[in-house]
Amino acid sequence: MCGIVATIGSREAAPLLLQGLQRLEYRGYDSAGLATVTPGQLHCCKAEGKLVHLREKLEKTPVSGCCGIGHTRWATHGKPDARNAHPQLDEAGSVAVVQNGIIENHRHLRQHLEQRGVHFGSDTDTEVIPHLVAQALADLRGTVSPTDLLRLAVAQAVQQLEGAYALAVIWLDQPEELVAVRYRAPLLVGLGEGQFFCASDTPALAGVASSIVSLEDGEMARLTPLGVELFDQSGQRTQRTPHPLRGDDYTTDKRQFRHFMLKEIHEQADVAAAWVERCLALPAEDSLTTVLQDVQRVQLLACGTSRHAALVGAHLFEQLAGIPSSVHYASEFRYAPPPLLPRTLTIGVTQSGETADTLAALTIEMERHRALEPDVPLRLLGITNRSDSSLGRLVPHILDIRAGVEIGVAATKTFLGQMLAFYAIALHLASQRHGASAQVTACRQALAQLPEQLSQVLHAMDRRCADLAHGFAETRDVIYLGRGINYPIALEGALKLKEISYIHAEGYPAGEMKHGPIALLDQHVPVVSIAMPGPVFEKVLSNAQEAKARDAHLIGIGPVCADTEIFDVVLPIPPVHELVSPLLTVVPMQLLAYHVAAHRGLDVDQPRNLAKSVTVE
């Protein structure tokens, strides 16, 4: 959510800021802006909507300066318009601030500032910050060295803030300095050749910075054309070794595909091929062997798509390894955690590694683990596509899904990567507890065929789903049904359709349809049903027959056979072990959602109101 880019050095700031903001578009936003400073003038330009509108404004009224800050905003406080876009300024127009996060006590601060005569120009929580900095500058002027003035003023201002924030500040009186600080929101410092940066995420720094430093909570960075200084919460200088940044790891293009989402759906065969070897070799990963040793129960914390992957994982843990498992909404867990029992493994799942609710829930769990088992190493594991994220710094063990950069806001290949991570863990736990059982062997054999089967499904299904999408032109509601390990895939299919096509869709366990959802069915409500051979196959077909009797248009995902003739349309899946089937049944779900949205002419990669990295509660 939101994106910060800031730079200072020998080059004009505006082009670098726009380039960085463009690389952060995947995070989701609804307005954008930037500010630069030159001796005697602070320039600010903001626009509602996409970056193209900001570019158009800058073409008409260019800004200059080698020091600047930029921002893409995802509205939380105040409408997504230019008035509420960042940067936010103080009344004098001399201090500019960009901020990611939520200032929880902004109402109290706003009232206090208004009582002192400050007039606000926006509805944002962020605007309190430039006013606080301006007041601190006035209070400190003449009492500290000019070179320390902005840094100390920002430090004084953030001491009054409650919540989570990452921010960057520039000041008219110091055109060769910018200050950045973070607390419970990601912020990186990038070092280039004669140019220094800070940004919310590494893609913004690709190609312009050769190395990066991740700021710690409460840490502040002072950037000048001569370099970067880091300060801890007490104001003392700190030293840290930067990590190299390979720009080609974070640069992507659509290749021949119309959208990034379609490209990323088709990359899933490659993700699977890379994972098959890991699934078979996971016991050799020593750090995971340690955390998985002697586990008696598992609890999984996640949100959205990551939670659906966790539901698949819990099913595997129980059915393959015989370990009781529970899945929790991370956003609810932190306020009502269940009793913690000894030898419980807690797994946090977040593709970005920055999901605020998941990080907060894991922090609480760390504290509970230490209280329950103070002498036992923490049984915490994170599953993410970004090992260099806040999650990677929070928990002692990380399983990197290595799916590569995902630009589309609606997760596809990272969802597959998360599921594959759970297959790897479940197989390891099952082998650890039961040895090479027939079920474990069959699952391993099925996984070995997965990359080729995925390629076949992707090739065969794309055109079918594109044709099927035409029938959704007037659709307003869709029901998705699944049973057993494919119930989470029904949830994921419904979520994908909602996210990018804006059609209302719900996923249900197929057996629950007659307990309420059946009342919604008629000829205008399509029903998508996952019917894979296995113990629940006949039950799913029976549930589908109930929908057909209510005139619903039936779309089946499963094998082409006499049993599936009940469906009006069958999206075929090759024969596969039922426990491995979610890795294939999810593909037509993704492609159908994609083609419905594309047929409607919607912004598939950046759907409205959504963000790739949800860094606020």
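The values are calculated or read from the model by the stated rules, or taken from the named source; none is laboratory data. Only a predicted model underlies this, so the values are computations on that prediction, with no experimental measurement involved. Here Cβ is always computed from backbone atoms with ideal geometry, including for glycine, and neighbour counts include all displayed protein chains.
Tabulated results
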quantity: Any hit, segment 598-617, residues being under 18 Å from Asp477 (Cα atoms), in a helix (DSSP H, G or I) and assigned by TED's automatic domain parsing to the domain that holds Ile500; calculated: yes
quantity: Segment 44-101 - residue that is outside any loop (DSSP other than H, G, I, E, B), small (Gly, Ala, Ser) and under 24 Å from the mean Cα position of the chain (by Cα) and, of those, farthest from Arg23 (Cα to Cα); calculated: Gly101
quantity: Those residues of segment 360-382 which are free of Cβ contacts under 8 Å to residues at least 60 places away in the same chain and either closer than 21 Å to Val405 by Cβ or part of a helix (DSSP H, G or I) (or both), in sequence order; calculated: Thr363, Ile364, Met366, Glu367, Arg368, His369, Arg370, Ala371, Leu372, Gly382
quantity: Criterion: touching a Cys at 6+ places or on another chain (Cβ under 8 Å) and either under 17 Å from Val98 (Cα atoms) or crowded, with 17+ Cβ neighbours inside 10 Å (or both) - qualifying residue of Leu187, Leu167; calculated: Leu187
quantity: Top-ranked residue in segment 105-149 [being polar (S, T, N, Q) and either under 20 Å from Gly163 (Cβ atoms) or in contact with a Pro (Cβ under 6 Å, 6 or more places away or on another chain) (or both); ranked as surrounded by the fewest Cβ atoms within 10 Å (Cβ to Cβ)]; calculated: Gln111
quantity: Residue match in segment 453-471 (condition: of a type in the set (Gly, Ala, Ser), at pLDDT below 90 and either in contact with a Pro (Cβ under 9 Å, 6 or more places away or on another chain) or farther than 30 Å from Ala424 by Cβ (or both)); calculated: no
quantity: Residue within segment 562-572 that is touching a strand residue (DSSP E or B) at 6+ places or on another chain (Cβ under 9 Å), among the aliphatic types (A, V, I, L, M) and touching a residue at least 40 places away in the same chain (Cβ under 8 Å) present; calculated: yes
quantity: Among the candidates Ala531, Ala510, Ala490, residue that is modelled with pLDDT of 95 or more, among the hydrophobic types (A, V, I, L, M, F, W, C), buried (at least 19 other Cβ atoms within 10 Å of the Cβ) and not assigned by TED's automatic domain parsing to the domain that holds Phe422; calculated: Ala490
quantity: Filter pass, Ala448 being modelled with pLDDT under 95 and within 14 Å of Ala273 (Cα to Cα); calculated: yes
quantity: Filter result (under 22 Å from Leu188 (Cβ atoms), of a type outside the set (A, V, I, L, M), in contact with a Gly (Cβ under 8 Å, 6 or more places away or on another chain) and modelled with pLDDT of 90 or more) within segment 354-399; calculated: Thr358, Gly382, Thr384, Asn385
quantity: Exclusive hit being within 26 Å of Glu452 (Cα to Cα) and not in a helix (DSSP H, G or I), set Val525, Val560; calculated: Val560
quantity: Check on Leu420, in a helix (DSSP H, G or I), aliphatic (A, V, I, L, M) and either free of Cβ contacts under 8 Å to residues at least 40 places away in the same chain or farther than 23 Å from Val570 by Cβ (or both); calculated: yes
quantity: Segment 519-537, residues that are free of Cβ contacts under 8 Å to residues at least 60 places away in the same chain and touching a strand residue (DSSP E or B) at 6+ places or on another chain (Cβ under 6 Å); calculated: Val525, Pro526, Val527, Ser529, Ile530, Ala531, Met532
quantity: When residues of segment 323-339 are limited to those that are over 19 Å from the mean Cα position of the chain (by Cα) and at pLDDT 95 or above, the one surrounded by the most Cβ atoms within 10 Å (Cβ to Cβ); calculated: Ser325
quantity: Residue tally, condition among the hydrophobic types (A, V, I, L, M, F, W, C), part of a strand (DSSP E or B) and more than 25 Å from Ala164 (Cα to Cα), over segment 383-404; calculated: 1
quantity: Test: residue in segment 139-147 that is under 28 Å from Leu16 (Cβ atoms) and at pLDDT below 95; calculated: yes
quantity: Any hit, segment 205-217, residues being crowded, with 16+ Cβ neighbours inside 10 Å, under 26 Å from the mean Cα position of the chain (by Cα), outside any loop (DSSP other than H, G, I, E, B) and of a type in the set (S, T, N, Q); calculated: yes
quantity: Filter pass, Ala136 being touching a strand residue (DSSP E or B) at 6+ places or on another chain (Cβ under 8 Å), assigned by TED's automatic domain parsing to the domain that holds His53, assigned to a helix (DSSP H, G or I) and of a type in the set (A, V, I, L, M, F, W, C); calculated: no
quantity: Helices (runs of 4 or more DSSP H) completely within segment 236-292 that count 3 or more residues being modelled with pLDDT of 90 or more and not assigned by TED's automatic domain parsing to the domain that holds Gly408; calculated: none
quantity: Odd one out for Ile407 among (1) assigned to a loop (DSSP other than H, G, I, E, B); (2) under 22 Å from Ser325 (Cα atoms); calculated: (2)
quantity: Filter pass, Ala221 being more than 22 Å from Asp148 (Cα to Cα), buried (at least 19 other Cβ atoms within 10 Å of the Cβ) and among the hydrophobic types (A, V, I, L, M, F, W, C); calculated: no
quantity: Flag if Val540 is farther than 22 Å from Glu452 by Cα, touching a residue at least 40 places away in the same chain (Cβ under 8 Å) and in a helix (DSSP H, G or I); calculated: yes
